[in-house]
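Q: Before I ask anything, let me first share the structure, which is written out below as structure tokens.
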Amino acid sequence: MRTLRHSHSAAARPQPRTLQWLALLVSLGMLAVTGSLAAAWSATGSTIPDRSIYVTNQLDNTLSVIDGSNDKVVATVPVGTSPAGVAVSPDGRYAYIAEGGANAVSVFDTGSRTIATSVPLPAGSGPRGVALSPKGEFLYVADSGSDRVSVVDTATLRVVASVPVGRQPVSVAVTPDGGSAYVADAGSDDVSVIDTRTNRIIGVVTAGQFPAGVALTPDGGSAYVANELSGDVTVFNTRSGAVEATLPAGTSPFDVATSPDGLWVYVADLGSGELVVIDTRVRKVVATVSIGPYGTDPFNVAATDDAIYVTNQGANTLAVIDPRTHHVVTTVSVGNSPYGVAVDPVS
Amino acid sequence: MSDKPSRISEDWRNGVVVGSRRFQRRSFLLGAASGVAGAVAAGLVGPGVAEGASKDDYNLEETRAGLRSFPFYGQHQAGIATAPQTAASFLAFDVTAANRAELTTLFRALTRRAAFLTAGGTPPPVPPNSPPSDDRLLGPTVLPDDLTVTVALGASLFDGRYGLGALKPAQLETMRAFAHDDLDPAISHGDLLVQLCAGHRDTVGHAMLDILAHTAGGMRLRWRIDGFRFPPRPVGIPRDWMGFKDGITNPDPDNTTQMNQEVWVQPGPPEPAWTAGGTYQVVRIIRMFLDKWHTVPVEEQERIFGRRKLSGAPMYATSPTASDELDPIYTNDPQGLLTALNCHIRLANPQTPETAATSAILRRSYQYDRSPDVEGNPDMGHAFCCFQQQLATYIAMQTRLEDEMLVPYISPNGGGYFFALPGVRDAHDYYGRGLLTQP
């Protein structure tokens, strides 16, 4: 742990601007990205950046590491127990994994492909969704069993705050400026808003029934909430907290992610086996992409400029979808019951 | 070979008269001998050979007419991966054969009758004033009518009587009572179980009477439960007496890999060699207190089961027309706010790494309706039946369910643990040959 803390602190030093821009962070449908990302990519002349995709496999306690250049699994690594949400640090060196069955966050060293250490959480925490602040200093963990969000300082690997939220929080997203964290409280049908400077709740927004996923637009202005039980997506204004739209979206929308350019919102629909595409300009469902039949169970979704990644809990696969054609480009076999997915573009 | 049910050809249905003494044995050869060898090869004429009859495209007319048959010979017995027929009887026997030789005779006789009954055919003529060769319950020709005969052995057969002790399937044991069980010895356990399933009640009854008549010296009926499957109401998996769709979550019988992992015993220690291709069978007679149950508000019933009552879908699907094929998912519901932690389906399969190995069974249950008890209360319930590669899987699952919320509404009072034999390979093979020919 000491070694890790040291090296991690070093890694957390300011990075070159391009690297920061490239630090695309996706976790549990939460997408934190600078608005200049697309520009950064085109500036480097790389249309398909090298990248790694990390998928947690809930029932066999492993993490699948996938090479984004060819969509092949390059490693399957034992992690803790019932791994759930996963997020990659902006420098790409660490993946943080919520150990849903072990009340801990595992820190995965992407270089050595081993678990470097583990951050214990209180008994009964039941961590599920995780999200990093844009620069990676803090990890926000939705503790679905204890109705709290744990805030982990990634430099010291200590829990620096435990914020009471609504009932059964399962998903969390951080604004691109790092100022607020939005927490989907599945059990109380609302979204808690945390001021990350004070780690206090500054607002509660009523969502649909059983909100299971939350994502923010890259400008931080809108939140999209997937409501599993009411089968819709709540769109609210993050400045006013006002619900601006409720969009029917499939049978059982389970997770949500925004595209890096902010134009699209992708919703994984557990029941129908589809990916629902929302146009954020008109706030309408403009496409549904069939991923598989009943039992495919699209679960979590992560989006980059050129690929949408969906874990399919029932099919034990990761679907890779072309955001332009809305076709499933490939389907990668991963472990048993894949849950979270995170993408590191700087591999 | 096709694993689809076979269809009787006209040639075959016209029947071939053979001498009564040789009939049963020779009937195996009729298909090949009747000049329709091509049809035999295509699985069109019974008794056919199957990898394991399974889900199929029912031809309604053939099913109604009772003309369709499931292949009898194969690696696995039919009646396991076979889509459940409408009518069933579970017959548990005490074996009375005096020794190993008589036991072999019994198994051979059972095999002959099962092969004939499942394929159908014309009963042999008998001399005047002799006992008839068939009760004609099914008319002039014995109709196959989707009949499957599935034979399984209880742990008690492996006691000292036949010297089979060392060959007992590794996990086979006499069913012990779970908490809240009220096992009645008169309807529990047994040396041998015959599961009969068919398209109609008369076919099952005919098969039972035939088997009893031909095995009378070797085994004696110990208990029996008759069951039936309801039609889909309105679609999908049939409901049980409680009004819930039952047996939704099952391995795919067409998925050989999955069946080999979850249902069929594979070769290798600790299982004795003869068991490969068989499977552990559990039968539980579960009485339901339906008067009490039907006063429970539907929302509470759904909470107890963990599924929607009308649709059979998981709790996250609210539409009454949602598919019962949707997978239950609890991972974002650790507190059980949507699907209660102690509901039936979540205890059966909690979807955790610790329980992943003890959560897959092949459910093949029936409903029963028997004479009322002495107080005049209906005796209706579930003839629960499941198959699994390891008996320990079922025991672990049922142990999790011991204190489920359904407990006040049910009373398991009979049944047993059995080992369903590997399939009979061909006309030279017979039930349990691998077991009985071991030194």
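The values are calculated or read from the model by the stated rules, or taken from the named source; none is laboratory data. Here the structure is a predicted model, which means the values were calculated and not measured. Cβ sites come from the backbone with ideal geometry, for glycine too, and all protein chains shown count toward neighbours.
Q: Scan segment B:341-364 residue by residue and report those that are among the hydroxyl-bearing types (Ser, Thr, Tyr) and at the interface with chain A (Cβ under 7 Å from one of its Cβ atoms).
A: Of everything in segment B:341-364, just one residue is among the hydroxyl-bearing types (Ser, Thr, Tyr) and at the interface with chain A (Cβ under 7 Å from one of its Cβ atoms), namely B:THR352.
Q: Oh, and also: Of all residues in segment A:266-315, count the ones that are small (Gly, Ala, Ser) and more than 12 Å from chain B (Cβ to nearest Cβ).
A: The qualifying residues number 5.
Q: To continue, here is another question. Taking segment B:214-238 only, how many residues are modelled with pLDDT under 95 and not in a loop (DSSP other than H, G, I, E, B)?
A: 0
Q: Would you tally the residues in segment A:52-106 being of a type in the set (Ser, Thr, Tyr) and within 14 Å of chain B (Cβ to nearest Cβ)?
A: The number of residues fulfilling the criteria is 4.
Residue by residue, here is whether (1) surrounded by fewer than 22 Cβ atoms within 10 Å (Cβ to Cβ); (2) acidic (Asp, Glu); (3) over 27 Å from A:ARG93 (Cβ atoms) holds:
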{"site": "A:VAL149", "(1), (2), (3)": "no, no, no"}
{"site": "A:SER162", "(1), (2), (3)": "yes, no, no"}
{"site": "A:GLY178", "(1), (2), (3)": "yes, no, no"}
{"site": "A:ASP185", "(1), (2), (3)": "no, yes, yes"}
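Q: Give me the strands (runs of 3 or more DSSP E) completely within segment A:122-231, filtered to those with at least 2 residues that are more than 13 Å from every other protein chain (Cβ to nearest Cβ) and over 19 Å from the mean Cα position of the chain (by Cα), ordered by residue number.
A: Output list reads A:158-164, A:200-206.
Q: Shifting gears a bit: Looking at segment B:125-163 only, could you name the residues that are assigned to a loop (DSSP other than H, G, I, E, B), of a type outside the set (D, E, K, R) and buried (at least 20 other Cβ atoms within 10 Å of the Cβ)?
A: Within segment B:125-163, B:LEU138, B:LEU143, B:PRO144, B:LEU147, B:GLY154 meet the criteria.
Q: State whether one or more residues within segment B:304-315 are touching a strand residue (DSSP E or B) at 6+ places or on another chain (Cβ under 7 Å) and either of a type in the set (Phe, Trp, Tyr) or surrounded by fewer than 23 Cβ atoms within 10 Å (Cβ to Cβ) (or both).
A: So far as segment B:304-315 goes, no, none of its residues is touching a strand residue (DSSP E or B) at 6+ places or on another chain (Cβ under 7 Å) and either of a type in the set (Phe, Trp, Tyr) or surrounded by fewer than 23 Cβ atoms within 10 Å (Cβ to Cβ) (or both).
Q: Restricting attention to segment B:323-340, which residues are more than 8 Å from chain A (Cβ to nearest Cβ) and modelled with pLDDT of 95 or more?
A: Of everything in segment B:323-340, those that are more than 8 Å from chain A (Cβ to nearest Cβ) and modelled with pLDDT of 95 or more turn out to be B:GLY336, B:THR339, B:ALA340.
Q: Taking interchain pairs and intrachain pairs at least six residues apart, which have beta carbon atoms under 9 angstrom, with the first residue in segment B:387-402 and without any contact (Cβ under 8 Å) to a residue 12 or more places away in the chain and the second assigned to a loop (DSSP other than H, G, I, E, B) and surrounded by fewer than 20 Cβ atoms within 10 Å (Cβ to Cβ)?
A: From segment B:387-402, the pairs are B:ILE395/B:GLU173; B:ILE395/B:ARG176; B:ILE395/B:PHE178.
Q: For residues that are under 15 Å from A:PRO127 (Cβ atoms) and under 15 Å from the mean Cα position of the chain (by Cα), tally how many sit in segment A:81-98.
A: 9
Q: Sticking with this structure for a sec: Output the residue which, of all residues in segment A:213-241 that are in contact with a strand residue (DSSP E or B) (Cβ under 6 Å, 6 or more places away or on another chain) and over 22 Å from A:VAL286 (Cβ atoms), is surrounded by the most Cβ atoms within 10 Å (Cβ to Cβ).
A: Ranking the candidates gives A:THR238 first.
Q: As an exercise: evaluate B:ALA114 against (1) closer than 27 Å to B:ASP426 by Cα; (2) hydrophobic (A, V, I, L, M, F, W, C); (3) touching a Ser or Thr at 6+ places or on another chain (Cβ under 8 Å) and give the number of the one condition it does not meet.
A: Failed condition: (3).
Q: Considering only residues of segment A:324-345 that are more than 21 Å from A:VAL79 (Cβ to Cβ) and surrounded by fewer than 20 Cβ atoms within 10 Å (Cβ to Cβ), which is farthest from the other protein chains (Cβ to nearest Cβ)?
A: Top of the filtered list is A:ARG324.
Q: Just give me the residues in segment A:220-257 being among the acidic types (Asp, Glu), under 20 Å from A:VAL170 (Cβ atoms) and in contact with a Phe, Trp or Tyr (Cβ under 9 Å, 6 or more places away or on another chain), in sequence order.
A: The answer is A:GLU228, A:ASP255.
Q: If you don't mind, another one. B:THR318 versus (1) over 30 Å from B:GLY79 (Cβ atoms); (2) away from every other protein chain (no Cβ under 14 Å); (3) not small (Gly, Ala, Ser): which is the lone unmet condition?
A: (2)
Q: Now a separate question. Pick from segment A:256-265 the residues that are away from chain B (no Cβ under 14 Å) and part of a strand (DSSP E or B): which of them is surrounded by the fewest Cβ atoms within 10 Å (Cβ to Cβ)?
A: Selected residue: A:TRP264.
Q: Let me ask you something else. Of the conditions (1) closer than 24 Å to A:PRO338 by Cβ; (2) assigned to a loop (DSSP other than H, G, I, E, B); (3) over 26 Å from the mean Cα position of the chain (by Cα), B:ALA340 fails just one. Which one is it?
A: The number of the failed condition is (1).
Q: Spot the failing condition for A:LEU318; the list is (1) within 14 Å of chain B (Cβ to nearest Cβ); (2) within 17 Å of A:LEU59 (Cβ to Cβ); (3) at pLDDT 95 or above, and only one is missed.
A: (1)
Q: Look at B:CYS343 and say whether it is under 25 Å from B:GLY74 (Cα atoms), hydrophobic (A, V, I, L, M, F, W, C) and surrounded by 20 or more Cβ atoms within 10 Å (Cβ to Cβ).
A: Here the answer is no, as B:CYS343 does not meet what is asked.
Q: If you don't mind, there's one more thing I want to ask. Do you know which residues across segment A:54-90 are charged (D, E, K, R) and in a loop (DSSP other than H, G, I, E, B)?
A: Scanning segment A:54-90 gives A:ASP60, A:ASP71.
Q: Which of the following residues is modelled with pLDDT under 95 and either over 30 Å from B:GLU300 (Cβ atoms) or over 18 Å from the mean Cα position of the chain (by Cα) (or both): B:THR437, B:THR399?
A: B:THR437
Q: I've got another one for you. Taking into account only those residues within segment B:392-431 that are in contact with a strand residue (DSSP E or B) (Cβ under 7 Å, 6 or more places away or on another chain) and part of a loop (DSSP other than H, G, I, E, B), which is farthest from B:HIS294 (Cα to Cα)?
A: Of everything passing the filter in segment B:392-431, B:ASP426 is farthest from B:HIS294 (Cα to Cα).
Q: Looking only at segment B:262-290, which residues are farther than 16 Å from B:TYR431 by Cα and of a type in the set (Phe, Trp, Tyr)?
A: Those that are farther than 16 Å from B:TYR431 by Cα and of a type in the set (Phe, Trp, Tyr): B:TRP264, B:PHE289.
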